[in-house]
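The values are calculated or read from the model by the stated rules, or taken from the named source; none is laboratory data. Everything numeric in this text was worked out from a predicted model, so none of it was measured. FYI the Cβ positions are ideal-geometry reconstructions off the backbone, even for glycines, and counts take in every protein chain you see. Side chains are part of the model used for accessible areas, which takes the heavy atoms of the whole protein and leaves out ligands, DNA and RNA. Shrake-Rupley method; radii C 1.70, N 1.55, O 1.52, S 1.80 Å.
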Amino acid sequence: MMGWLFMVIEIIFVHLPFHLVISSTYDKMRYYSTNRQAAPASLSEAVVRGLATDRGLYMPERIKPLPQEFFDGIGEMTFQEIAYRVAEAFFGEDIPADDLRHIVYDTLAFDAPVVPVDGNIHSLELFHGPTLAFKDVGARFMARLLGYFSRQQTTDNGQQAADNGQECMGREIVNVLVATSGDTGSAVANGFLGVEGIHVYVLYPKGKVSAIQECQFTTLGQNITALEVDGVFDDCQRLVKSAFMDADLNAHMRLTSANSINVARFLPQAFYYFYAYAQMKRQGKANELVICVPSGNFGNLCAGLFAHRMGLPVKRFIAANNRNDIFYQYLQTGEYTPRPSVQTIANAMDVGDPSNFARILDLYGHSHEAICTLISGATYTDEQIAETVADTYHRTGYLLDPHGACGYRALSEMLQPGEQGVFLETAHPAKFRDTVESIIKDEVAIPEKLQAFMRGTKQSLPMTAQFDDFKAYLMSR
């Protein structure tokens, strides 16, 4: 009898996935680490920490399928209504409905239209937010969520102090560290600009972001500090990750990350996958849907895979890479071999060791076969990207940015008869004006939103790629 009991215990705790074990232990959603060596965290703990103590990435213990009635009526719902239903599945146990609805609706104060480009290929335009990049969605959501938790902490501290007959000492500053290869920095900086109780440090590689991208996070001031790192994006990301693991820094200041390693950044990106499906459904084109994602750090694709796990009827995904083709090579060989990133004209995808690969592995039980069943890959050189931008513009009149060009080209080469393709146009082409104009031999109009940033004065601090220098700077704050 005892032998049978121990066998059952072994099956439960050894052979079942960790997230299935802990899901029955807590009423609220808990978040586990992809490295499985850290204790499960609450939503607020996962958001504020950014990275788990074992250097793993947080994952929700369960992914709730959305009911069929949601998909039956999705074509008649607004972007905000759709997003709220998706957000409720992840965050509804931790945040009151009215507060969550306010966060979602305030985040999505702009549209994300699906636009026909060429035949059965469509563009999901994710550049209609404040900084004209897809990361406005995740960054604005995270800023509002972190602000919510910060206010809750202040309220709780005040109540605790009052109960103890003490004076409340006020709100502890939360320091957001974010590495950027371009659009993340501007989206996060503008999403958090002026948010009380939060200071943002943007680390970006010197000379490796476009001039317009740079001015979007170096001209803000207030609670935004830009650090110009003498290195590549991977150096910036390494500095951020190392800071989270440093005991002295964490004792000195409260740290979190706003990169897609943070669950509050990448999960909300699932919103626009559902919205894209809704728009295609209205047109009677939602069957046999293929979505192509220009991929760098893989938070965007990962959000799409979560949407698929929640029931989104997508036939398959394509991950489009530039010359930084680490994931493409994994799909071909089954081996993940990170390497130093190389600079390309699609600079936001210049990542040599994508953090969210760990989440994709975890989501599919480290099964190369399972991943390849749903995801295929493509990789393009600068010459191929430029050729695609020029050809599409002169043939159809649609102007791609270098990242969207990778997505469009992959669909044009890989769609099968009867399939409908949607690629993510992740940033406005004006953000890469010099590059795009040199390709199409025509002028690119700059939207007023970008012109306003360009009129600002650059404020940035030089930083080496050495962690000791970065640590010394933060310890002095």
I'm trying to understand the selection: among the residues of the range 434-471, which are more than 24 Å from the chain's Cα centre (by Cα), outside any loop (DSSP other than H, G, I, E, B) and closer than 29 Å to H394 by Cβ? D434, T435, V436, E437, S438, I439, I440, E448, Q451, M454
Among residues of the range 314-330 being among the β-branched types (V, I, T) and either within 15 Å of G421 (Cβ to Cβ) or open to solvent by 10 Å² or more (accessible area, probe 1.4 Å) (or both), the residue farthest from the chain's Cα centre (by Cα) is V314
What pairs come up if the first residue lies in the range 176-191 and is modelled with pLDDT under 85, the second is charged (D, E, K, R) and part of a loop (DSSP other than H, G, I, E, B), and their beta carbons are under 8 Å apart, counting only those six or more places apart or on different chains? S181/K208; S181/D350
Which residues, taken from the range 457-468, are farther than 11 Å from K206 by Cα, surrounded by 13 or more Cβ atoms within 10 Å (Cβ to Cβ) and of a type outside the set (A, V, I, L, M, F, W, C)? Q459, Q466
Out of the residues in the range 66-90 that are open to solvent by 30 Å² or more (accessible area, probe 1.4 Å) and in a helix (DSSP H, G or I), which is nearest to F149 (Cα to Cα)? E88
Here are some conditions: (1) open to solvent by 10 Å² or more (accessible area, probe 1.4 Å); (2) over 24 Å from V342 (Cβ atoms); (3) not in a loop (DSSP other than H, G, I, E, B). G221 meets all but one. Which one does it not meet? (3)
What's the total number of residues in the range 310-330 that are touching a residue at least 12 places away in the same chain (Cβ under 8 Å), of a type outside the set (V, I, T) and more than 21 Å from K285 (Cα to Cα)? 10
Out of everything in the range 124-160 that is among the charged types (D, E, K, R) and more than 17 Å from S295 (Cα to Cα), what residue ends up being modelled with the lowest pLDDT? D156
Before we move on, is E93 open to solvent by 30 Å² or more (accessible area, probe 1.4 Å) and either within 20 Å of Q283 (Cα to Cα) or among the hydrophobic types (A, V, I, L, M, F, W, C) (or both)? no
Counting only helices (runs of 4 or more DSSP H) wholly inside the range 246-313, the ones holding at least 2 residues that are at negative phi and crowded, with 21+ Cβ neighbours inside 10 Å are 263-266, 271-282, 299-309
Among the numbered conditions (1) touching a Gly at 6+ places or on another chain (Cβ under 6 Å); (2) without any contact (Cβ under 8 Å) to a residue 12 or more places away in the chain, tell me where D72 comes up short. (1)
Residues of the range 108-131 being over 17 Å from P268 (Cα atoms) and outside any loop (DSSP other than H, G, I, E, B), which ones? V114, V115, P116, V117, D118, I121, H122, S123
Filter result (buried (at least 21 other Cβ atoms within 10 Å of the Cβ) and either outside any loop (DSSP other than H, G, I, E, B) or touching a residue at least 60 places away in the same chain (Cβ under 8 Å) (or both)) within the range 331-357: S341, I345, A346, N347, A348, M349, D350, V351, S355, N356, F357
Is at least one residue of the range 51-65 among the acidic types (D, E), surrounded by 15 or more Cβ atoms within 10 Å (Cβ to Cβ) and assigned to a helix (DSSP H, G or I)? no
The number of residues in the range 397-432 that are farther than 20 Å from Y380 by Cα and among the basic types (K, R) is 1
Looking at (1) under 20 Å from T78 (Cβ atoms); (2) touching a Pro at 6+ places or on another chain (Cβ under 9 Å); (3) open to solvent by less than 60 Å² (accessible area, probe 1.4 Å); (4) not hydroxyl-bearing (S, T, Y), which is the only condition M142 fails? (1)
Which pairs turn up if I take residues in the range 386-412 that are among the aromatic types (F, W, Y) and look for partners that are modelled with pLDDT of 95 or more with beta carbon separation below 6 Å, at least 6 apart in sequence or on another chain? Y393/L399; Y393/I440; Y398/V117; Y398/T392; Y408/L400; Y408/F423
Would you mind stating whether G377 is more than 24 Å from Q283 (Cβ to Cβ), in contact (Cβ under 8 Å) with a residue 40 or more places away in the chain, under 25 Å from the mean Cα position of the chain (by Cα) and not in a helix (DSSP H, G or I)? yes
